[in-house]
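Below you'll find the structure, written out as C-alpha cells, and then a few comments.
Just so it is clear, none of the values below were taken in a lab; they were calculated from the coordinates. Note that this is a predicted model, so its numbers are computed, not measured. Positions of Cβ are backbone-derived with ideal geometry, glycine not excepted, and every protein chain shown enters the neighbour counts.
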Amino acid sequence: MLLLSLILLPFLGAAVAACMPQHARNREAWFAAIIALCGLLLTLSQYAVISEGTALRYQLNWLSAFDLNLIFRMDGLAWLFSVLIQGICLLVVLYARYYMSPKDPVPRFFAFLLAFMGAMQGVVLSGNLIQLVMFWELTSLTSFLLIGYWHHRPDARRGARMAFTVTSIGGLCLLVGVLLLGHVAGSYDLDQILQQAEQIKAHDWYLPILILIALGALTKSAQFPFHFWLPHAMAAPTPVSAYLHSATMVKAGVFLLMRLWPVLAGTPEWTWIIGTAGVCTMLIGAFLAIFQHDLKGLLAYSTISHLGLITCLLGIGTPLAMVAAIFHTLNHATFKASLFMAVGIIDHETGSRDMRKLSGLRRVLPYTAALAIVASAAMAGVPLLNGFLSKEMFFAEALMVGSASNWWMSAAAVMMGIFGVAYSLRFIQVFFGPLQTDGGEEVHEPPRWMRFPVELLVLCCLVVGILPELSIGILLEAAAASVLAEQLPEYSLAIWHGFNLPLTMSIIAFIGGIVFYRWLQLKCNLRQRDKVPLFHRLNGKESYEATMLWLAASAARLERSLSSRRLQPQLLLLILAGMAAGAVLLWFMPTVPAQLTYTPIHWPFALLWLAGTACAIAAAWQAKYHRLAALILVGGTGIVTSLTFLWLSAPDLALTQLMVETVTTILLLLGLRWLPARISAKKLQLIASSRDKLRRSRDLLIAISSGVILSVVSYLILIQPENQTISRFFIENSLPLGGGSNVVNVLLVDFRSFDTLGEITVLSIVALTVYALLRRFRPAAESIKLPPQQTNPIDPASIQTPAEQAGSGYLQVPGIYIRLLLPIIIVVSVYFFMRGHNLPGGGFIAGLIFAVGLIIQYLLAGTAWVEARLKMQPHRWISVGLGLAVVTGLGAWVFGHPFLTTHTAHIYLPVLGELHLPSAFIFDLGVFAVVVGTTMLILTALAHQSVRSHRVPGANPDATNLQQEDR
C-alpha cells in the first residue's frame, strides 16, 4: 500500500489544491510542500529495504486474463528517481512561493505541479509496461499545462503545443514498441520481461521494438533530431523549468533506457541508434548553448547537451557506463536545477534574462552570484564538484570504446567538454564587469527562503564533489545494482586517480574551453551575434511549424474532398462503411448448416412487421415534407421493435426500447425547432425532378442492400450451434457467478461491468457536451408566437393543457394529478430497479422510467413550475452515478480482487429474513443516477433554449402554431 500511496497522494493533493482560494500563496505553497514532504519521507523510510537489494512490489488485479494488472515496483533505481522527483519538487514549491506573482492563479499552478509529480512517480514505479506508457502520456499532458501556464503569452502556448506534440508522437511509438515487446516476452510484467533478455534480443522483432522504444525515449529527453522543443518550453515559469527540464520530465527518457537496458542493450543496433543520437545531441546542444543570449535559452541547450552525454553513456553499453549515466543524471539534476533557480532570481530582480543587457550583477546580487558561479563550475566539470567526477567517468568510458584507429568517441567527448567550459564562462560573465541591468528599480537579493533551495542544491554539488563515497556511494551502488545485478562492476568514486588519460582529457577540455571562449569574444563578438555559425540554416522550430502547416492543409483538403456539412452525405458514408463491414463478415462467416428446421410463418408476427415496415417507408417519404409526421412514424418502428423483443422473450430489451423511444421522441421534438424552416414550393418542385428521383432511388437501393446484408449476418449468427457461441456460458453462470437469474442485467453489471462503466462515462460526456454547446448557441429568431397565458405565472392548483390554453373548451388537468403522477412513477421505477438482478428491470430501465416521469411533469406543468419545486441538479446526479460505479470497482481492490469484481452477500434480518445484496446493486444504482442525470440535463438544456428562442425580439407575429410552421 505504500507504493500506491506514493502515486495517489500527489493526485489527491492536486485535486485539493485546485479548489483552494485564488490568491493565498502561503496556504497553497504550504499544502503542496506538505504533500511533497510526505511523499519524500515515505520514500526515505524504505531506504533500509532498498539498500539490501530488495525490490518492493504491490499488485492490484485489473484484467488478469490479459496480463493488464496495476503493478507498482520500487527497486534501487526507482527509489533514487523517486527521491529526486519528490526532493526537487519540495524545493521548487518553496522557491515558487516567492517567485510567483500574487496576480497569478497560484492554485492552478500547484495543482498542475503536484499532478505532474504524481505522473512522474507513476513512470518510475510502474511494474507493468502498459501502465508505464499511461503515466508517460500523463506526464506529457501535465507538462503541457505547466509549460502553457501563462496562456496569455503566445510563446507559452506555442511552446506547450510543440512539446506536447513531439512527446505525444514519441509516446505513441513507445506504446507500439511496448505492445510488441510484451507480445515477444509473453507478458507486460517488467519482472518477467527482464528475465527474458536473451530471447528478446534474438527475436526477429528486436530491431522494430528497439527503434520504437528509442523514439519514445529520445523525444521525451529532447535528443537529436527532436531536441528543438526543449528551448521553446522555456516560456514556462522558471520553477517549471527548474523542475521539468532539469530533474524530471527530460529524465523520463533516460530512465526508460536505464530500465530496459538489461533487455535491449548490448547489441550493435543499440550502440549505433542510442550512441549516435547521444553523441550528436551532446555536441549540437553544447555548441548552440554558446551563442544564446537568453540565460534560460543557454541552460536549455546545455541541458540538451548533458542529456546527450547520459544517452551516449547508455549507448556505449558497458556496465561501468551505466553507473556513470546514473551518477551524471543525479549530478545534472542538482546543478542544473540550482542554475535555473538562480536565473529566475536574476529575472525576478532585474526584469531581464538577456545577457547583452546584464553585467556586473555580483555587485548587487553577491550571494546569488556566488551560488550561480559554483553551480556553473559544476556544470563545466571543475574539480572538487560533482560534475567533475561523472564527466571523468564519461571520458574513461569513451576511451574504452575507442582505439588507435577508432578515436571519434574520445574526440567527441573532449569537444563536448570544451564547449561545456565555453558556455559556462558565457553564463557567469553576467556577474562580472561594470554593473548593467535592464530594470528601473533597485536590484537587491531575493528573500532568504527563495534563495535557500539554490543554497541546498549547491551544497549538494560541493559535498558530492568532495566526499563522493560517503555522500552518494551507497545510493549509487543500490541503483546500479538494481539494473546490472551480477554485472555490477568494481568502480571507485575517489577524487584523485593519478595522472591518466581521463584527467588529461579533462585538462585539455578545461584549457581548450577557456581559449575557445576567449577567441569567440575577440573574433565573433558573442554579445552582438544573432546567428549561430553552421546551424543558423537548420531551424528545428521552423521545420516543425512547416510540417504542422502542411499537415493542417492536407487535412483540410482531405476534409473538403471526403466530408460535407450536409448530414445526408455523411450518413451515406456511414451506411456504406457498415455495408462493407457486413460484407467482410459474410465472407468469413461459416456456411449455412445442411439441416435446418424451418418454422411456419406466424401471421400475427408478420403483420406486426408489415406495419413496422410501412412506418419506416412512410417515415422516409415524409422526411422531406412533414418532419413531425416522420418523427411519429419513426416512433412507430420503435414500438414495433419493442413488441418484437417482447415476442421473442426479451422483456428487458423490450422495456429498454420502449423507454428509449419515449425519451428520444420528446428530445427530438424539442430539437425539431432547431432545424431550418420548411422547404418552399420551389424546392418541392426540385424534389420532384428526375435528378432528385435518381438520388432517392440510389438511397433506397443502398438502404435495402444494407438491410439485407445485416439481416443475413444476424441470421447466420443465430443459427450457429450453441457450442460455438458464448451465450451458453452466460446462461449457465449468471446465477452461480453473478448472483442473479436475469442474464441481461448480470451481463451488464457483472460480466461486462467495465464496458458499462465506459458506456455511462461516454453518455455523461455527451450530455455535458450538449449542455455546454447549447449554453452558448442560440437558434435564429423563430416565427412562433406563444399564447399570452404561457408568459403568466402558472397556478399549481390548476394546470392547463396547451389546447385549453389556446381557448378551446377542453377540460382542465388538476395540479394534484400532476403532483401525484410523479410519486407513482417513482414507485414503478424503484420496483423495476430492485427486481433487476433476477427479473426484467435494472438501473438503466429504472432510470429511463424515472426520467419519463420527470418529462411528463415538464410537458404538462412547464419548465418554470417543475424547476421551482424539483431541485434536480442533473450535474450532481451524473457525478454521484459515476462515483458510485467507480467506488464499486475500487471496493473489490480492498479485498484483493480485480477491479469491479462482484460479491454477493446474504444477510438475515429479524422481520425481513434473508436479503440478497450483491455489490452490483451499488454499481446499478450508479447507472440509474447517470441515466437520470444525462437525460434531464439534455432535456432542460433543450427546453430552456426553446423557451428563450420564443422570446427573441422581432419574431414574426403572423405565425400560428408549431404544426402550421411544420418544424
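A simple spin-label model places the labels of Ala577 and Leu773 1.7 nm from each other, with each point 7 Å out along Cα-to-Cβ. Working note: Debye formula, equal point scatterers on the alpha-carbon atoms of region 268-526, no solvent; log10 I(q)/I(0) at q = 0.11 Å⁻¹ is -0.59.
In terms of the mean number of neighbouring beta-carbon atoms within 10 Å, the peptides 886-896, 316-326 order highest first as 316-326, 886-896. Site pair Leu820 and Trp519 shows an inter-label distance of 10.2 nm when each label is modelled 7 Å from Cα along Cα→Cβ. Ordered by the count of other Cβ atoms within 10 Å of each Cβ, fewest first, Tyr908, Tyr149 give Tyr908, Tyr149. In percent, rounded to a whole number, the relative contact order of the chain is 9, using alpha-carbon pairs under 8 Å and six or more apart. Each label was represented as a point 7 Å from its Cα along the Cα-to-Cβ direction; for Ser168 and Ala620 these points are 4.1 nm apart.
Each of Lys357, Lys103, Lys391 was scored by other Cβ atoms within 10 Å of its Cβ. Arranged with the fewest first, they read Lys103, Lys357, Lys391.
Rounded to whole Å, give me the distance from the Cα center of region 614-658 to that of region 199-252. Taking the Cα centre of each part, region 614-658 and region 199-252 sit 55 Å apart. The convex hull defined by the C-alpha atoms of region 181-306 has an orientation-averaged projected area of 7.9 nm². With θ taken as phi - 60° and the Karplus curve 6.51 cos²θ - 1.76 cosθ + 1.60 applied, the whole-hertz 3J(HN,Hα) list for region 574-588 is 5, 5, 5, 5, x, 4, 5, 5, x, 5, 5, 4, 4, 5, 9 Hz, x standing for glycine and proline.
Using the Kirkwood radius over Cα pairs, work out the Stokes-Einstein diffusion coefficient for region 81-168 at 10 °C and 1.306 mPa s, in µm²/s as a whole number. For the chosen part, D equals 115 µm²/s.
The stretch between Leu501 and Gln195, if pulled fully straight at 0.36 nm per residue, gains 106.4 nm over its current Cα-Cα span. Computed as a quarter of the hull surface, the mean projected area of the alpha carbon convex hull for region 599-679 stands at 5.8 nm². As a calculated quantity, the FRET efficiency between Ser697 and Leu562 at R0 = 30 Å, using C-beta atoms, amounts to about 0.80. The overall shape of region 1-94 is oblate: from the C-alpha gyration tensor, with semi-axes ordered a ≥ b ≥ c, the ratio a/c is 1.5 or greater and a/b is no larger than b/c.
A prolate overall shape is assigned to the chain, the ratio a/c of its alpha-carbon gyration tensor axes (a ≥ b ≥ c) being 1.5 or greater and a/b exceeding b/c. Here the gap between Thr547 and Lys531, fully extended at 0.36 nm per residue and compared with their Cα-Cα distance, gives a gain of 3.5 nm. Note on the chain: helix-only mean residue ellipticity at 222 nm, from DSSP H runs of 4+ residues weighted -39500 (n - 2.57) and normalised by residue number, equals -22500 deg cm²/dmol. In terms of surrounding Cβ atoms within a 10 Å radius of their Cβ, Val401, Val766 rank from fewest to most as Val766, Val401. Applying 1/(1 + (r/R0)^6) with R0 = 30 Å to the Cβ-Cβ distance of Leu488 and Glu455, what FRET efficiency is obtained, to the nearest 0.05? Efficiency, from the Cβ-Cβ distance: 0.30. Structure note, pairs Lys296/Lys336; Lys357/Lys541; Lys296/Lys541; Lys296/Lys357; Lys201/Lys391; Lys336/Lys531: Cα-Cα distances above 22 angstrom occur for Lys357/Lys541; Lys201/Lys391; Lys336/Lys531. Couplings 3J(HN,Hα) of region 114-119, computed from phi: 5, 5, 5, 4, x, 5 Hz, in residue order, whole Hz [Karplus 6.51 cos²θ - 1.76 cosθ + 1.60, θ = phi - 60°; x for Gly and Pro]. For Ile511 and Leu2, what is the calculated FRET efficiency with R₀ set at 35 Å and r taken between the beta-carbons, to the nearest 0.05? E between Ile511 and Leu2, to the nearest 0.05, is 0.10. Scalar couplings 3J(HN,Hα) for region 442-448, obtained by applying the Karplus form with A = 6.51, B = -1.76, C = 1.60 to θ = phi - 60°, are 5, 8, 8, 5, x, x, 4 Hz; x denotes Gly and Pro.
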